[in-house]
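Step one of this worksheet: look at the structure below.
Nothing in this text is a laboratory measurement; each read-out follows from the coordinates by a stated rule. Computed from a predicted model, the values in this text were never measured in an experiment. Using ideal geometry, Cβ is built from the backbone for each residue, glycine included, and neighbour counts are taken over all protein chains shown.
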Amino acid sequence: MAERYRGPIVDPHHHLWDRSLYRQPWLRGQSGVLGRDCLPADYLKATAGYDVIGTVHVEAGWDAGDPFAEIAWLDQLERPEWMAARYVANVALDAPDAETSLQRVAAHPRVVGVRDILSWHPDPQRSFAKDRHRMSSAAWRAGFAALDRSGLSFDLMISPWQMEEAQQLVADFPATRFAINHCGSPFDQSEGGLAFWEQGLRGLVEFHNVSIKVSDVVAYQPDWTAESVTRIVRTCLEVFGPSRTMLASDHPVLDLGSSFAEAYGVFEAALEHCSSAEQRAVFAGNAGSFYRIEI
C-alpha cells in the first residue's frame, strides 16, 4: 500500500477575481467568501505548504458583454509563472459570433479550453442554465462544431439529469477532449440520487475523450464528513480510473464549505490505496497532460 501523497500538484480548476472591477454579475450582493477579492496572494495563502506547480484558471462568470476582458485582466496580474499557467475561457457557443470568438481565444497562448455552463437543475434556484436541453439546440451545436475545429478542450459542467443527453454530444465530437466539472454535480445525496449520478458517469466513461475533475465536492454536502466526501472521490476514481481522473480545488468557491487543506487532506486519504504512480497521475500528471502544462 502506498503512503499518503506528498508530491507535486497541478490544480486544474480555480478562479481569480477583483470585485472592485464589478465585472462578475453573479458576485454582486454576495457576502462572506464570495464577497471578497480572490487574487494571487489569496491563492498562495490557501495553498501554503503544498507543492503546487501548475494551475488552470477557469472562467469566473465575467460580464458576457466583454468576455475577452477577463483574459486581458489575467495577463496583467503579477503572479508566479505556474499560477494560471493555462486558461479555460468563456464563449457562449450559441451566440452569432461564436466562431469569431473561438478563433480569438484560441490564438492566445495560455488558452487551452472553453467553458459554457450547461448545468440544469429541476429547481430553478439551483440551475445555472434555464434550458435543460441547450446542448442539443442547433445554434449551440453549430458553435460547438467551431470549437471542435479549434482544437480547444471543453469543460463540461452539467448535472446528472443531463448526462444521458451529453453522451450524444461527446459521441458526435470524438476529437474534442471533455472534462466533466465538479464530479458531474451530485446534487442529490440520497442513495437513489447517488445511484442515478453514478449511472450517468458510467454512461459517459464509455467515450475515450471524456475525463473528470473531482472538485469542490462539499458544495453538494453542507454537512460533509471525510467519509461522505471519500465516497464521491472513490466513485469517480473507480468509474474513470487513475488515467482519466483529476483532482482540483475550485478555490475560492471551495471555501464556502471547506478549505484547500481540508479538501486535499481527504484526497490524500482517499487515494492511499493507489500506487505512487497512480497518485501522481491523479494529483498532477493527468491535469498537466489534459491542459498542456509541462511538468
- Message: Taking the condition of being part of a helix (DSSP H, G or I) and in contact with a Ser or Thr (Cβ under 8 Å, 6 or more places away or on another chain), how many residues in the stretch 145-168 meet it?
- Response: 6
- Query: Which of (1) out of contact with any strand residue (DSSP E or B) (no Cβ under 6 Å at 6 or more places or on another chain); (2) farther than 21 Å from Ser211 by Cβ; (3) in a loop (DSSP other than H, G, I, E, B) does Tyr5 not meet, given it meets every other one?
  - Reply: (2)
- Note on the structure: Residue hits (the stretch 225-249; farther than 22 Å from Val170 by Cα and surrounded by fewer than 19 Cβ atoms within 10 Å (Cβ to Cβ)) are Thr225, Ala226, Glu227, Ser228, Thr230, Arg231, Arg234
- Item | Failed condition for Trp82, given (1) surrounded by 13 or more Cβ atoms within 10 Å (Cβ to Cβ); (2) in contact with a helix residue (DSSP H, G or I) (Cβ under 9 Å, 6 or more places away or on another chain); (3) of a type in the set (Phe, Trp, Tyr) | (2)
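In the set Ser275, Ser289, which member is under 29 Å from Val111 (Cβ atoms), surrounded by fewer than 19 Cβ atoms within 10 Å (Cβ to Cβ) and polar (S, T, N, Q)? Quick ask: steps written out before the conclusion?
On the way: Ser275 fails: under 29 Å from Val111 (Cβ atoms).
Residue meeting the stated conditions: Ser289.
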- Item | Cβ pairs under 7 Å, 6+ apart, first in the stretch 124-140 and of a type in the set (D, E, K, R), second surrounded by 12 or more Cβ atoms within 10 Å (Cβ to Cβ) | Arg126/Phe187; Arg132/Trp120; Arg132/Trp161; Arg132/Gln162; Arg134/Leu118; Arg134/Trp140
- Item | Of all residues in the stretch 169-187 being of a type outside the set (A, V, I, L, M, F, W, C) and either assigned to a helix (DSSP H, G or I) or surrounded by fewer than 18 Cβ atoms within 10 Å (Cβ to Cβ) (or both), the one that is nearest to the chain's Cα centre (by Cα) | His182
- Query: Is one or more of the residues making up the stretch 59-71 out of contact with any strand residue (DSSP E or B) (no Cβ under 6 Å at 6 or more places or on another chain) and over 30 Å from Arg141 (Cβ atoms)?
  - Reply: no
- Message: more than 28 Å from Asp75 (Cα to Cα), surrounded by fewer than 18 Cβ atoms within 10 Å (Cβ to Cβ) and touching a Phe, Trp or Tyr at 6+ places or on another chain (Cβ under 8 Å): is that true of Ser119 in this structure?
- Response: no
- Query: Which ones in the stretch 154-168 are charged (D, E, K, R) and buried (at least 18 other Cβ atoms within 10 Å of the Cβ)?
  - Reply: Asp155
